[in-house]
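Everything below concerns the one structure shown next.
The values are calculated or read from the model by the stated rules, or taken from the named source; none is laboratory data. Source: prediction; values computed, not measured. Glycine gets a Cβ as well: all are built from the backbone with ideal geometry, and neighbour counts include every protein chain shown. Ligands, DNA and RNA are stripped out before the accessible areas are found, and what is left, the full protein with its side chains, is counted by its heavy atoms. Shrake-Rupley method; radii C 1.70, N 1.55, O 1.52, S 1.80 Å.
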Amino acid sequence: MNNAITPKRTALISVIDSMMGTGKSTWMIEYLNKTMTDQFNGTQSPKFLVVVHSLTEVDRFTKACYALSFRNPQPVMGKKLWGLENLLREGSNIVTTHALFSMVTPDINKLFRDQGYTLIVDEVLSAVETYSALSAKDRDVLLKTGYVYIEPNTHRIRWNDRDHGDYKGRFDDVRKLCQIGSLVLYRDKLLLWEFPAEFLESFTEVWILTYLFEGSPMSAYLRAERFDYDLYAINEYMELVDLDEIDETAQKNKLKGLINIYEGTMNDIGNPQGRENPLSSSWFKRSDTESIEKLRASTKNFYRRIAGTPASENLWTTYKSQTHRLKGARYARQWIPNNTKATNDYIDKKSLAYLCNIFMHTPVKNYFEGRGIHINNDLYALSELLQWIWRSQIRRGDPINLYVPSKRMRELLKSWLNSSNTLELSQAA
C-alpha cells in the first residue's frame with residue numbers, strides 16, 4: 001500500500017501548531033469576525049464549517065462570532081445529519097462536533113464543494129481507527145456473496161452497487177461506508193475506518209488548530225494521502241507566523257515553576273526492565289495483582305502524603321479497562337479518559353496522576369508504516385500527555401502537582417520543558 005505514484009492532492013491546508021493557552025482559538029475567532037467586516041466593506045465572505053470537540057465549544061464559537069450567525073445542526077426526524085444537510089443547503093455558517101462531522105455522506109460532501117465552505121477543525125480529526133462493527137464472519141459472507149469487493153491497490157472494501165445498489169438491511173451502515181471508501185482491509189484481516197481523503201478536497205480551505213501536530217495520526221494520514229500542509233503558530237503579539245519563528249523557551253521556563261513533578265521511589269514501578277514498557281496497555285494486560293496493588297498504593301500515597309489536596313481538587317487517568325483495579329480513596333471519582341481534549345470542565349483540578357504509558361494503537365501505526373509513513377511514537381505520547389495535563393488549573397497559570405510513574409512519559413515531559421519549540425522535538429526523534 002505505497003502511495004509513491006499517487007499525485008499530490010489539492011486541498012489548501014494550514015495547521016496552527018501552538019501550545020495550549022497561546023490563543024489559537026482566540027486568533028481564529030478574530031479571523032472569523034474579520035471576514036464579516038470585510039463583507040460589510042464589499043468583499044465576499046466565505047462560508048464556514050467549524051468542527052469542535054464539545055458542545056461547550058459550540059456555544060463559545062456561536063457567542064464569540066455572533067455576527068456570523070453560526071448554527072448548530074439540530075435533529076430532523078431524529079437525525080442530526082439531516083439537520084446538517086439542511087443548513088448546508090441554506091448556506092449557513094455552521095459549528096458542530098467531531099462526532100457528527102465523522103459521519104458525513106457523499107451528498108453532504110457535495111454541498112461542501114458546491115457551496116464553497118472553509119473548514120476549521122479545533123484539534124485533530126480521528127482520521128484512522130480500527131472498525132469493529134463488522135465481524136470477520138460477516139465480512140467474509142459479504143465478500144463470498146458478492147455484496148462487497150476489495151480494490152486491489154488501495155485495499156478498500158467497496159459495495160457492489162451494480163448488483164446490490166438497492167440493498168436495504170442490517171448492513172446499511174457498512175454499505176454507506178463502503179460507498180465513500182472509508183473501510184480498509186489491512187493485511188487481509190484487520191478492518192480499519194479511514195476518513196475519506198477526497199472530502200477534504202471539497203473545501204476552499206482547511207484550518208487545523210492543535211499542538212504537536214507532527215506526532216498526530218492526522219499528520220500521518222495527510223502524508224499517506226499525499227496532502228501538503230503549512231505549519232504556523234501564534235506569537236506573543238497574537239500574530240500568525242511560520243512555526244520555525246516560534247521560541248517557547250520563556251513560556252516553558254515559567255511552566256517549570258508551576259508543574260511540580262513527583263520524583264521519588266514511588267516511580268520505581270515505571271522503570272523498564274529489559275524490553276518491557278511499564279504502564280503501557282499491554283503491560284496492564286499482563287500485570288499481576290501485586291504490581292497493580294503497588295501502583296494503586298503509590299497513587300493513594302501521592303494524593304494523601306505528597307499532594308495533600310482534597311478529593312475535589314484531584315484528577316487521574318489510566319486506561320478505562322483498568323480503572324476498577326486502580327481506583328482508591330481521595331481520587332476514585334475523579335477519573336477522566338487519558339485522551340480528553342478541548343474542555344475546561346476540570347480547570348479547578350490541582351493534583352494529577354497520569355497512570356499510562358502511551359503508544360499509538362499498533363494496528364494503526366503498522367498501517368501507516370506499511371504505506372511508508374514514519375510514526376513518531378514519542379511525539380504522539382507527549383501530545384496526549386500534554387493535552388490531558390492542560391485540562392487542569394495549569395491552563396489558567398496556577399501550579400499543579402503531577403505524578404507520572406512511567407519513566408518514559410516523565411522523561412518526555414521534562415525534555416519538552418527544556419526544548420525551544422515543536423520543530424526541535426520533531427527533528428530529535
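Brief remarks on what is shown
- Averaging 1/r across all pairs of distinct Cα atoms in the stretch 228-272 and inverting the result yields a Kirkwood radius of 13.8 Å.
- Packing, taken as the mean count of other beta carbons within 10 Å per residue, orders the peptides 338-344, 216-222, 141-147 from highest to lowest as 216-222, 338-344, 141-147.
- The stretch 335-394: C-alpha gyration tensor shape, a/c 1.5 cut-off, then a/b vs b/c: prolate
- Taking all protein chains into account, the per residue accessible area for the stretch 270-429 stands at 44 Å² (1.4 Å probe).
- The chain - percent relative contact order, Cα under 8 Å, separation 6 or more: 20 percent
- Whether the chain is rounded, prolate or oblate, judged on the alpha carbon gyration tensor where a/c under 1.5 counts as rounded: oblate
- Mean separation of Cα pairs under 8 Å and 6 or more residues apart, divided by the residue count, gives the stretch 198-354 a relative contact order of 14 percent.
- Local net charge near L100, Cβ-Cβ under 14 Å (Lys/Arg +1, Asp/Glu -1): 0
- Of all beta bridges that DSSP places with both ends in the chain, some 30 percent have antiparallel geometry.
- Protein heavy-atom surface of the stretch 163-218, 1.4 angstrom probe: 45% of the accessible area is carbon and sulfur, with nucleic acids and ligands not counted.
- Modelled label reach - R275, point 7 Å along Cα→Cβ, the stretch 339-374 residues with backbone N closer than 20 Å: 357-367, 369-370
- Structural descriptor for the stretch 120-239: relative contact order 34 percent, calculated from alpha carbon pairs under 8 angstrom and at least 6 residues apart.
- For the stretch 257-389, alpha-carbon Rg over 2.2 N^0.38 Å: 1.11
- Burial ranking of peptide ranges 304-316, 398-410 (average Cβ count within 10 Å, highest at the top): 398-410, 304-316
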